[in-house]
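The structure under discussion appears below in the form of structure tokens.
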Amino acid sequence: MIDSEIKVFRNLAIFPIRGADSLSRPYATLEEAMDSGLIVLHETGKVGELAADNRSDRYIFVMAGDIVRGGRQDRAMAEDVILRPNSLNVPLQSLCVEQSRWHQRGHESAAAFSRSNKMLANVDLKVAARARRSQHAVWEQVDAYQTRACESLGSEVRSSDSASSLELTLDNEKLRQTAHEYVAALQPVFAGKGDVVGFAFSVNGRVSTADSFGSAELFGKLRDKLLDSAASEALSQYDEQLQFAQPTAAEVARLMAVAASGVISTRTVGEVTVEKRCETAAGLLFQTFHVEAGTEEKVHEAVYHTQALANNGQRPHGPRQFRYGGFGR
């Protein structure tokens, strides 16, 4: 259920999603697992596939769009995967979010990855990676994001260590500080609400993405990472002269319903993960289920509003239309 209270900062609006917990077990996130040494992600020699060793007795939730830093190239996870306890050498499908490099960078390991505290920075990248599985499109969208962020922030965000790396761009000091301003201003919308399981957001009045989870606990672990991603998207599209109308909670709910109204396809990912996918003219829906020992529990649902991707050009005989809706004065 979309909460009636929304929070707006600059060109980003957050719509909390509230619901009952439905998961029977806890999960460690990829970021949490890497920071705690519960998991090791290592290279396989293939750009599109990494391998994971879950060295713990916990289930680990790997989320599509999670970026992992290091190895021979920074990567983004192409799909949701649930790792069983003590499962070794599990293949993880990935896409490169850094071009050209295929060697050690600085003091980082070329064989393994060091952290995962960032994720794909806008809906274009999410669709290119998760839905289209196009490496070329991901590289194009990384470059487009960096260009827009440079223009919006008025400074270079590409790193001298690796100009093509999205991970290093998102770690740029000015970009991080600006994203933090968004996150700090928007976090209060979740205060005092123990049943928040996700949120949708709009940028420049255009709905972008909605993520919800099977428990408030799992969402709580991922909340700030998701907020940072939403902020990274918004700051790259910010223009103080842009005019737009903010969508209502009811309009966001309708868009999510439309995205789920098409034909659903199902596929198995790994040992205990099932993905259900639905694509309509309005958007893409992905649902991730943990299926084990005769039980099926929905862990994650993501909706990407793809109508926004078509609105890029000139409004006939009128002012310039911006990427995510709204018109210049």
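Does ASP195 satisfy the criteria of being touching a strand residue (DSSP E or B) at 6+ places or on another chain (Cβ under 7 Å), among the charged types (D, E, K, R), surrounded by 23 or more Cβ atoms within 10 Å (Cβ to Cβ) and under 30 Å from LEU23 (Cα atoms)? For ASP195, the condition - touching a strand residue (DSSP E or B) at 6+ places or on another chain (Cβ under 7 Å), among the charged types (D, E, K, R), surrounded by 23 or more Cβ atoms within 10 Å (Cβ to Cβ) and under 30 Å from LEU23 (Cα atoms) - is not met. I'd like the residue in region 245-261 that is in a loop (DSSP other than H, G, I, E, B), at pLDDT 90 or above and not hydroxyl-bearing (Ser, Thr, Tyr) and, out of all such residues, is farthest from the chain's Cα centre (by Cα). Per the stated criteria, the residue is ALA245. Across region 135-162, the number of residues qualifying as without any contact (Cβ under 8 Å) to a residue 12 or more places away in the chain and not charged (D, E, K, R) comes to 6. Scanning region 149-187 for residues being more than 22 Å from GLY106 (Cβ to Cβ) and either crowded, with 20+ Cβ neighbours inside 10 Å or under 17 Å from the mean Cα position of the chain (by Cα) (or both) gives a total of 7. Restricted to region 207-240, and to residues there that are of a type in the set (D, E, K, R) and buried (at least 24 other Cβ atoms within 10 Å of the Cβ), the residue that is nearest to GLN141 (Cα to Cα) is GLU233. Residues that are surrounded by fewer than 22 Cβ atoms within 10 Å (Cβ to Cβ) and either modelled with pLDDT under 95 or of a type in the set (Phe, Trp, Tyr) (or both) within region 21-42 comprise just one, HIS42. Note on region 68-126: among residues that are surrounded by fewer than 24 Cβ atoms within 10 Å (Cβ to Cβ) and hydroxyl-bearing (Ser, Thr, Tyr), the one that is farthest from TYR27 (Cα to Cα) is SER100.
What are the pairs, 6+ residues apart or on separate chains, where a residue within region 258-269 that is without any contact (Cβ under 8 Å) to a residue 40 or more places away in the chain has its Cβ under 8 Å from a residue that is of a type in the set (Asp, Glu) and crowded, with 16+ Cβ neighbours inside 10 Å? Listed pairs, sorted by first residue: GLY262/GLU279; THR266/GLU275; ARG267/GLU275; THR268/GLU275. Going residue by residue through region 211-221, is there one that turns out to be over 25 Å from ASP239 (Cα atoms), in contact with a strand residue (DSSP E or B) (Cβ under 8 Å, 6 or more places away or on another chain), among the aromatic types (Phe, Trp, Tyr) and outside any strand (DSSP E or B)? Yes: region 211-221 contains one or more residues that are over 25 Å from ASP239 (Cα atoms), in contact with a strand residue (DSSP E or B) (Cβ under 8 Å, 6 or more places away or on another chain), among the aromatic types (Phe, Trp, Tyr) and outside any strand (DSSP E or B). With the condition kept exactly as written, say whether any residue in region 29-36 is in contact with a Pro (Cβ under 9 Å, 6 or more places away or on another chain) and either of a type outside the set (Lys, Arg) or in contact (Cβ under 8 Å) with a residue 40 or more places away in the chain (or both). Checked region 29-36: no residue is in contact with a Pro (Cβ under 9 Å, 6 or more places away or on another chain) and either of a type outside the set (Lys, Arg) or in contact (Cβ under 8 Å) with a residue 40 or more places away in the chain (or both).
The values are calculated or read from the model by the stated rules, or taken from the named source; none is laboratory data. None of these values were measured; they are calculated from a predicted model. With ideal geometry, Cβ positions are generated from the backbone for all residues, glycine too; neighbour counts draw on all protein chains shown.
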